[in-house]
Every structure is written in C-alpha cells, then in structure tokens.
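Inspection log for the structure reproduced underneath, given as structure tokens.
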Amino acid sequence: MAAIQKLYEVCKVSLSEKGPSSPETIENVRDVLDMITPSDVGLESEAQAVRVWRRPRALNRKTVFPSSPAIRYRHIYECKSFSIGIFCIPASSIIPLHNHPGMTVISKLLYGKVHVKSYDWIDIDDSRNLSKVRPAKVVRDGEISAPCGAMVLGNIHAMKAITPCAILDILSPPYSSEDGRHCSYFRRLPKSDPSGILLDRTRESEFVWLEEYQPSDNFVIRRDLYTGPTLNF
Ligand SMILES: [Fe+2]
C-alpha cells in the first residue's frame, strides 16, 4: 500500500468531525506521518534540489528576486473530519501568524529548513472585552530541519522558510466557514501586558499579546497540483 494511502486510512479511523478523539489517536496518525518522505507525495526532485541549494549571494534583494515565487498549496484530500495538503514555501517566504479555531494540526516538514513560531491561547476571563487582543503562550520558537518527525504545532503559528521547504499538514477537523472555523491572521503587540492580569501567574517572557489583522496583499497562496500517488477512497 502506498504510504500516502496508509496515511489516509489511519486518518479515516482516527479523526472525526470533532477532531481526534484522544491523544492516542493523534499518536496513531503521527506514527504514520513520521514515515512519509518527499518521494511518497511526488516531491522527490524538489527535495533533491534543496540538498544542493545555496542561498543566492545578493547585493540587492530586488536583483536576485525580481519576482518572488509564490507559496503553493498542493491539496491532497478533504472530508468533514480532516484535510491533507502540502505547503511548498520558497526560501525567505513567510506564512504569517494564523489560527486553526477548534482544530488540531499535525505537521511534517518533508524537506528543507524552516523557522516555526507557534502559540496556544491562554484562557482568560473575557469580561474585559479583550476579544480583539488575546494573550497566547509560546509553544515553539525555533528552526526545524528535515529529515525530522511529525509534530503537533500550537494552534496559532507562523513559518518562515530558511531554505525552500515543504510542510505536509493534517487538519482535523478542516477549516469550514459554515461551521465557524475560518482562518484569521494575527500580529504580536509590542506591549506585553496591556491589562496586567497575567503578570501574577505567568512569567512575562512566556506569553505574548496577539491582535487580529489583515496581512498585506503580497501574501498569496496559490493552489498547485498534487503529483503523488492517487488516493483510493
Ligand atoms: Fe497552519
């Protein structure tokens, strides 16, 4: 059985419309995702190219990147319970901080090197009307290089590609506007604690305040064709 088919099968039995039913089911998906390689999803030549990739030496970014290549999303599968797809991110490109409301995200870096920043919301009493600005704690802030295992990222995350890279994402349940799960973008507020309410229980360095915003028009994700083995479902 093709590895991607195996991944689909384990997702089918482990993930429901409400997401993973337990930490064990996440582990089951993660174990299979761990084994996925670029050649299992039609990205062998891209992964090979990265092995010999060198950062262009540039005096001026504009002369080297007359037009930056776009971030591309290779859609593989989606049902009510989960989605599987791959983001191919050119070097230096950024996926801004975004959320996955009520969703679990299991990711695997297939090739390349990426800096990941991820956060989880801190639950607070919302009576102070902080809905536009919310505190979040840092889950991960560091570089990841392939080959590496699958990981469960924080619910809000941003990526910056250090080399060209590809990340396979499983979302459960997937984004769905009609079910109130849509993607919002956030930015960090420079002020660490506008209300002071968290200073007593958390060290300031462990959390940030995030504010919803609209990313610039330069940020676009283009759909791309998945070229790996066909799924049977
Ligand atoms: Fe994401």
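The numbers here are math on the coordinates, done by the rules we state, and not lab data. None of these values were measured; they are calculated from a predicted model. We place every Cβ from the backbone using ideal geometry, glycine too, and count neighbours over all the protein chains shown.
A few notes on this one:
- Per-peptide packing, taken as the mean over residues of other Cβ atoms within 10 Å, places 151-161, 74-84, 42-52 in the sequence 151-161, 74-84, 42-52 from highest down.
- Whole-angstrom gap from region 162-191 to region 88-116, using each part's C-alpha centre: 8 Å
- Dipole-positive endmost among ILE221, SER176, VAL139 within the chain (Cβ charges, Cα centre): ILE221
- Cα-only Debye scattering, the chain: base-10 log of I(q)/I(0) at q = 0.10, 0.11, 0.15, 0.17 Å⁻¹: -0.51, -0.61, -1.09, -1.32
- Each of LYS6 and ARG223 was given a label point 7 Å from its Cα along the Cα-to-Cβ line. The distance between the two points is 3.0 nm.
- Here the Debye sum runs over all C-alpha atoms of region 1-47 as equal scatterers in vacuum, and log10 of I(q)/I(0) at q = 0.13, 0.20, 0.29 Å⁻¹ comes out as -0.33, -0.66, -1.00.
- Sorting the Cα pairs of region 103-179 by distance into bins of 5 Å, from 0 upward, gives 3, 14, 21, 20, 18, 12, 8, 3, 2, 0 percent per bin.
- Farthest towards the positive end of the charge dipole of the chain, among the residues ALA49, VAL116, PRO20, is the Cα of ALA49, using unit charges on the Cβ of Lys, Arg, Asp and Glu.
- Set LYS12/LYS113; LYS18/LYS80; LYS18/LYS117; LYS108/LYS160; LYS117/LYS137 screened for pairs whose C-alpha atoms are more than 18 Å apart: LYS12/LYS113; LYS18/LYS117
- Remark: the ASP123-SER45 segment gains 23.7 nm on full extension, using 0.36 nm per residue and subtracting the alpha carbon distance.
- Length gained on full extension, ILE94 to ARG57, computed as 0.36 nm times the residue gap minus the Cα-Cα distance: 11.3 nm.
- Semi-axis lengths, largest first, of the ellipsoid equivalent to region 76-118 are 21, 14, 9 Å, with √(5λ) applied to each eigenvalue of the Cα gyration tensor.
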